[in-house]
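Working notes, beginning with the structure itself.
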Amino acid sequence: MTGSVRPLVAGNWKMNGLAAQLAEAQAVRDALGESSVAAEVMICPPATLLAQTAWAVKGSSILLGGQDCHTEAAGAYTGDVSAEMLADAGARAVIVGHSERRAVHGELDRQVRAKAEAAHRAGLTAIVCVGETAGERSAGLTEDVVRRQLAGSLPDAAMAANTVVAYEPVWAIGTGLTPTAADVARVHAAIRQALIARFAGEGAGMRILYGGSVKPTNARELLAIENVNGALVGGASLKASDFLGIVAAYGN
Ligand code: PEP
(Lines give C-alpha, C1' and ligand atoms only; values in the text may rest on other atoms or scores of the structure.)
Protein backbone atom coordinates (compact mmCIF):
# COMPACT_ATOMS: atom_id res chain seq x y z
CA MET A 1 0.00 0.00 0.00
CA THR A 2 2.79 2.41 0.86
CA GLY A 3 3.88 2.57 -2.75
CA SER A 4 0.45 2.98 -4.37
CA VAL A 5 -0.95 6.14 -2.79
CA ARG A 6 0.59 9.59 -2.81
CA PRO A 7 1.87 10.24 0.68
CA LEU A 8 0.91 13.33 2.66
CA VAL A 9 3.07 15.28 5.08
CA ALA A 10 0.86 17.66 7.08
CA GLY A 11 2.13 20.21 9.58
CA ASN A 12 -0.13 21.06 12.50
CA TRP A 13 0.91 24.42 13.90
CA LYS A 14 -1.62 24.07 16.76
CA MET A 15 -2.18 27.32 18.69
CA ASN A 16 1.15 28.75 17.55
CA GLY A 17 1.95 31.53 15.15
CA LEU A 18 1.44 35.25 14.75
CA ALA A 19 1.86 36.96 11.40
CA ALA A 20 5.66 36.57 11.59
CA GLN A 21 5.17 32.81 11.32
CA LEU A 22 4.11 33.30 7.69
CA ALA A 23 7.80 33.59 6.84
CA GLU A 24 8.14 29.87 7.65
CA ALA A 25 5.32 29.00 5.25
CA GLN A 26 7.01 31.12 2.60
CA ALA A 27 10.32 29.37 3.22
CA VAL A 28 8.61 26.01 2.71
CA ARG A 29 7.02 27.34 -0.48
CA ASP A 30 10.36 28.61 -1.80
CA ALA A 31 12.19 25.37 -1.02
CA LEU A 32 9.51 23.16 -2.55
CA GLY A 33 9.52 25.26 -5.69
CA GLU A 34 13.06 24.08 -6.34
CA SER A 35 12.78 20.43 -5.41
CA SER A 36 10.78 17.48 -6.58
CA VAL A 37 8.93 15.81 -3.76
CA ALA A 38 6.78 12.75 -4.10
CA ALA A 39 4.52 13.73 -1.20
CA GLU A 40 1.68 16.19 -0.89
CA VAL A 41 2.65 18.88 1.60
CA MET A 42 0.09 20.55 3.82
CA ILE A 43 0.22 23.25 6.49
CA CYS A 44 -2.54 23.56 9.08
CA PRO A 45 -2.12 27.00 10.64
CA PRO A 46 -4.39 28.43 13.33
CA ALA A 47 -7.68 29.70 11.85
CA THR A 48 -6.52 33.30 12.31
CA LEU A 49 -3.66 32.76 9.86
CA LEU A 50 -5.42 30.57 7.33
CA ALA A 51 -6.32 33.25 4.77
CA GLN A 52 -2.94 34.96 5.13
CA THR A 53 -1.13 31.65 4.72
CA ALA A 54 -3.17 31.01 1.58
CA TRP A 55 -1.80 34.28 0.20
CA ALA A 56 1.71 33.46 1.37
CA VAL A 57 1.82 30.12 -0.50
CA LYS A 58 -0.34 31.15 -3.47
CA GLY A 59 0.80 29.56 -6.72
CA SER A 60 2.62 26.72 -4.96
CA SER A 61 1.56 23.12 -4.47
CA ILE A 62 1.26 23.52 -0.69
CA LEU A 63 -2.16 22.56 0.60
CA LEU A 64 -3.77 24.17 3.63
CA GLY A 65 -5.85 22.64 6.37
CA GLY A 66 -7.77 23.69 9.45
CA GLN A 67 -7.22 22.15 12.88
CA ASP A 68 -10.83 21.60 13.90
CA CYS A 69 -14.33 22.54 12.76
CA HIS A 70 -17.86 22.82 14.08
CA THR A 71 -20.47 20.34 12.88
CA GLU A 72 -22.83 23.05 11.60
CA ALA A 73 -22.20 25.23 8.54
CA ALA A 74 -23.19 28.48 10.30
CA GLY A 75 -25.17 29.70 13.27
CA ALA A 76 -25.08 30.96 16.84
CA TYR A 77 -21.90 29.17 17.94
CA THR A 78 -19.70 31.90 19.36
CA GLY A 79 -16.01 31.27 18.87
CA ASP A 80 -16.42 28.29 16.56
CA VAL A 81 -15.36 27.92 12.93
CA SER A 82 -17.27 25.87 10.38
CA ALA A 83 -15.83 23.60 7.72
CA GLU A 84 -17.37 25.88 5.10
CA MET A 85 -15.51 28.85 6.61
CA LEU A 86 -12.24 26.94 6.49
CA ALA A 87 -12.85 26.05 2.85
CA ASP A 88 -13.71 29.67 2.10
CA ALA A 89 -10.41 30.78 3.65
CA GLY A 90 -8.42 28.40 1.46
CA ALA A 91 -8.37 25.08 3.32
CA ARG A 92 -8.62 21.78 1.49
CA ALA A 93 -8.68 19.65 4.64
CA VAL A 94 -9.34 19.76 8.35
CA ILE A 95 -7.94 17.78 11.25
CA VAL A 96 -10.69 16.30 13.44
CA GLY A 97 -10.46 14.32 16.65
CA HIS A 98 -6.91 15.36 17.51
CA SER A 99 -6.07 13.94 20.94
CA GLU A 100 -5.75 17.46 22.32
CA ARG A 101 -9.38 18.10 21.31
CA ARG A 102 -10.45 14.73 22.68
CA ALA A 103 -8.63 15.32 26.00
CA VAL A 104 -9.02 19.07 26.58
CA HIS A 105 -12.47 19.55 25.04
CA GLY A 106 -13.85 16.12 25.86
CA GLU A 107 -14.67 15.31 22.24
CA LEU A 108 -16.17 11.87 21.76
CA ASP A 109 -16.03 9.60 18.73
CA ARG A 110 -19.57 10.51 17.65
CA GLN A 111 -18.70 14.22 17.68
CA VAL A 112 -15.52 13.55 15.74
CA ARG A 113 -17.59 11.61 13.21
CA ALA A 114 -20.06 14.52 12.90
CA LYS A 115 -17.13 16.87 12.32
CA ALA A 116 -15.73 14.56 9.64
CA GLU A 117 -19.17 14.56 8.00
CA ALA A 118 -19.17 18.38 8.16
CA ALA A 119 -15.75 18.40 6.50
CA HIS A 120 -17.06 16.21 3.67
CA ARG A 121 -20.17 18.38 3.30
CA ALA A 122 -17.88 21.38 2.81
CA GLY A 123 -15.73 19.54 0.27
CA LEU A 124 -12.80 19.14 2.65
CA THR A 125 -10.70 16.09 3.37
CA ALA A 126 -11.14 14.97 6.96
CA ILE A 127 -7.90 14.00 8.70
CA VAL A 128 -9.28 11.83 11.48
CA CYS A 129 -6.93 11.27 14.42
CA VAL A 130 -6.87 8.16 16.57
CA GLY A 131 -4.40 6.88 19.13
CA GLU A 132 -4.00 5.30 22.53
CA THR A 133 -2.86 6.87 25.80
CA ALA A 134 0.17 5.61 27.72
CA GLY A 135 -2.12 3.79 30.15
CA GLU A 136 -4.05 2.08 27.37
CA ARG A 137 -0.78 1.06 25.76
CA SER A 138 0.63 -0.46 28.91
CA ALA A 139 -2.65 -2.31 29.43
CA GLY A 140 -2.19 -3.88 25.96
CA LEU A 141 -5.24 -2.09 24.59
CA THR A 142 -3.67 -0.16 21.72
CA GLU A 143 -5.35 -1.95 18.82
CA ASP A 144 -8.70 -2.20 20.66
CA VAL A 145 -8.70 1.55 21.31
CA VAL A 146 -7.71 2.43 17.78
CA ARG A 147 -10.33 0.10 16.26
CA ARG A 148 -13.02 1.53 18.53
CA GLN A 149 -12.05 5.09 17.65
CA LEU A 150 -12.05 4.28 13.94
CA ALA A 151 -15.44 2.60 14.15
CA GLY A 152 -16.95 5.57 15.97
CA SER A 153 -15.17 8.45 14.29
CA LEU A 154 -15.27 7.60 10.58
CA PRO A 155 -18.43 8.39 8.61
CA ASP A 156 -20.03 5.47 6.74
CA ALA A 157 -19.59 7.38 3.49
CA ALA A 158 -15.87 7.99 3.97
CA MET A 159 -13.82 7.56 0.80
CA ALA A 160 -10.14 7.45 0.00
CA ALA A 161 -10.37 10.83 -1.72
CA ASN A 162 -11.85 12.64 1.27
CA THR A 163 -10.61 10.83 4.34
CA VAL A 164 -7.18 10.38 5.88
CA VAL A 165 -6.53 8.55 9.14
CA ALA A 166 -3.75 9.80 11.43
CA TYR A 167 -2.45 7.31 13.99
CA GLU A 168 -1.05 9.39 16.81
CA PRO A 169 -0.15 7.59 20.03
CA VAL A 170 -1.03 10.21 22.66
CA TRP A 171 2.11 9.45 24.66
CA ALA A 172 4.29 10.19 21.62
CA ILE A 173 2.85 13.64 20.93
CA GLY A 174 5.27 16.41 21.84
CA THR A 175 7.35 14.09 24.05
CA GLY A 176 10.22 13.08 21.79
CA LEU A 177 9.14 9.47 22.26
CA THR A 178 8.14 7.27 19.34
CA PRO A 179 6.92 3.70 19.09
CA THR A 180 9.30 1.16 17.61
CA ALA A 181 9.08 0.57 13.88
CA ALA A 182 7.56 -2.83 14.65
CA ASP A 183 4.86 -1.22 16.81
CA VAL A 184 4.02 1.33 14.13
CA ALA A 185 3.87 -1.42 11.51
CA ARG A 186 1.58 -3.53 13.69
CA VAL A 187 -0.88 -0.72 14.47
CA HIS A 188 -0.94 0.60 10.90
CA ALA A 189 -1.60 -2.93 9.64
CA ALA A 190 -4.51 -3.23 12.09
CA ILE A 191 -5.86 0.12 10.90
CA ARG A 192 -5.56 -0.94 7.25
CA GLN A 193 -7.36 -4.18 8.03
CA ALA A 194 -10.20 -2.30 9.78
CA LEU A 195 -10.48 0.18 6.90
CA ILE A 196 -10.66 -2.58 4.28
CA ALA A 197 -13.18 -4.54 6.35
CA ARG A 198 -15.48 -1.53 6.48
CA PHE A 199 -14.80 0.39 3.27
CA ALA A 200 -13.39 -2.31 0.94
CA GLY A 201 -11.42 -0.72 -1.92
CA GLU A 202 -11.90 2.77 -0.51
CA GLY A 203 -10.32 1.59 2.74
CA ALA A 204 -7.40 0.12 0.83
CA GLY A 205 -6.73 3.53 -0.69
CA MET A 206 -7.12 5.72 2.39
CA ARG A 207 -3.92 7.26 3.59
CA ILE A 208 -2.80 6.40 7.11
CA LEU A 209 -0.43 8.98 8.57
CA TYR A 210 1.81 8.43 11.55
CA GLY A 211 2.03 11.32 14.04
CA GLY A 212 3.94 11.77 17.27
CA SER A 213 7.41 13.31 17.58
CA VAL A 214 8.28 12.96 13.90
CA LYS A 215 11.57 14.82 13.31
CA PRO A 216 14.03 15.11 10.43
CA THR A 217 16.18 12.56 12.28
CA ASN A 218 13.55 9.80 12.46
CA ALA A 219 11.32 10.61 9.46
CA ARG A 220 13.08 8.35 6.99
CA GLU A 221 12.71 5.28 9.19
CA LEU A 222 9.10 5.99 10.22
CA LEU A 223 7.87 6.89 6.75
CA ALA A 224 9.37 3.79 5.16
CA ILE A 225 7.18 1.49 7.25
CA GLU A 226 4.49 -0.53 5.47
CA ASN A 227 1.08 1.21 5.53
CA VAL A 228 2.58 4.51 6.67
CA ASN A 229 1.41 6.92 3.99
CA GLY A 230 2.81 10.10 5.44
CA ALA A 231 3.09 12.06 8.65
CA LEU A 232 1.15 14.48 10.81
CA VAL A 233 3.79 16.73 12.32
CA GLY A 234 3.33 19.07 15.28
CA GLY A 235 6.35 20.79 16.83
CA ALA A 236 8.71 20.13 13.94
CA SER A 237 6.35 21.83 11.48
CA LEU A 238 6.88 25.26 13.06
CA LYS A 239 10.34 25.71 11.58
CA ALA A 240 10.60 25.45 7.80
CA SER A 241 14.01 23.76 7.98
CA ASP A 242 12.72 21.00 10.28
CA PHE A 243 9.52 20.51 8.32
CA LEU A 244 11.43 20.37 5.04
CA GLY A 245 13.81 17.86 6.61
CA ILE A 246 10.81 15.58 7.16
CA VAL A 247 9.34 16.20 3.70
CA ALA A 248 12.79 15.32 2.29
CA ALA A 249 12.19 11.71 3.34
CA TYR A 250 10.07 11.60 0.17
CA GLY A 251 12.56 13.47 -1.97
CA ASN A 252 13.92 12.00 -5.15
C1 PEP B 1 0.49 16.37 16.80
O2 PEP B 1 0.11 16.97 17.79
O3 PEP B 1 -0.30 16.12 15.87
C4 PEP B 1 1.87 15.95 16.76
C5 PEP B 1 2.18 14.95 15.99
O6 PEP B 1 2.75 16.64 17.55
P7 PEP B 1 4.35 16.42 17.65
O8 PEP B 1 4.86 16.20 16.26
O9 PEP B 1 4.86 17.69 18.25
O10 PEP B 1 4.56 15.23 18.51
Residue match in the range 134-144 (condition: within 16 Å of the ligand (Cβ to nearest atom) and in contact (Cβ under 8 Å) with a residue 24 or more places away in the chain): yes
Meets criteria (hydrophobic (A, V, I, L, M, F, W, C), modelled with pLDDT of 95 or more, over 22 Å from residue 212 (Cα atoms) and away from the ligand (no atom under 16 Å from the Cβ)) for residue 116: no
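Quick one: in the range 93-123, of everything that is of a type in the set (Lys, Arg) and closer than 18 Å to residue 155 by Cα, which residue is surrounded by the most Cβ atoms within 10 Å (Cβ to Cβ)? Write out each step before concluding.
The initial filter retains those residues of the range 93-123 that are of a type in the set (Lys, Arg), namely 101-102, 110, 113, 115, 121.
Next, from what is left, pick out any that are closer than 18 Å to residue 155 by Cα: 102, 110, 113, 115, 121.
Values: 102: 21, 110: 10, 113: 22, 115: 25, 121: 16.
Across the range 93-123, the extreme among qualifying residues is 115.
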Meets criteria (free of Cβ contacts under 8 Å to residues at least 12 places away in the same chain, closer than 22 Å to residue 161 by Cα and of a type in the set (Asp, Glu)) for residue 88: yes
Residue list for the range 156-182, filter: of a type outside the set (A, V, I, L, M, F, W, C) and in contact with a Ser or Thr (Cβ under 8 Å, 6 or more places away or on another chain): 162, 163, 168, 169, 174, 175, 176, 178
Tally of residues being crowded, with 16+ Cβ neighbours inside 10 Å and more than 21 Å from residue 9 (Cα to Cα) across the range 124-145: 7
Selected residue [in contact (Cβ under 8 Å) with a residue 40 or more places away in the chain and at negative phi] from 71, 78, 53: 71
Residue in the range 190-209 that is among the small types (Gly, Ala, Ser), at pLDDT 95 or above and within 10 Å of the ligand (Cβ to nearest atom) present: no
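Out of 208, 246, 191, report the one residue that is among the aliphatic types (A, V, I, L, M), out of contact with any Phe, Trp or Tyr (no Cβ under 8 Å at 6 or more places or on another chain), surrounded by 18 or more Cβ atoms within 10 Å (Cβ to Cβ) and in contact (Cβ under 8 Å) with a residue 40 or more places away in the chain.
Just a single option satisfies the conditions, and that option is 246.
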Selection status of residue 43, without any contact (Cβ under 8 Å) to a residue 60 or more places away in the chain, β-branched (Val, Ile, Thr) and closer than 22 Å to residue 220 by Cα: no
Every residue from the range 146-188 that is within 13 Å of the ligand (Cβ to nearest atom) and either among the small types (Gly, Ala, Ser) or exposed (fewer than 15 other Cβ atoms within 10 Å of the Cβ) (or both): 166, 172, 174, 175, 176, 177
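Considering only the range 98-108, I want to know if a residue exists there that is touching a Cys at 6+ places or on another chain (Cβ under 7 Å), within 16 Å of the ligand (Cβ to nearest atom) and either of a type in the set (Ser, Thr, Tyr) or touching a residue at least 40 places away in the same chain (Cβ under 8 Å) (or both).
Yes: one or more hits.
Could you list all residues from the range 211-243 that are of a type in the set (S, T, N, Q), surrounded by 19 or more Cβ atoms within 10 Å (Cβ to Cβ) and within 14 Å of the ligand (Cβ to nearest atom)?
From the range 211-243, those of a type in the set (S, T, N, Q) are 213, 217-218, 227, 229, 237, 241; that's our starting set.
When the remaining residues are screened for being surrounded by 19 or more Cβ atoms within 10 Å (Cβ to Cβ), the result is 213, 227, 229, 237.
Result: 213, 237.
The values are calculated or read from the model by the stated rules, or taken from the named source; none is laboratory data. This one's a predicted model, so the numbers in the text were calculated from it and none came from an experiment. Ideal geometry is used to build each Cβ from the backbone, glycine not excepted, and the neighbour counts take in all protein chains shown.
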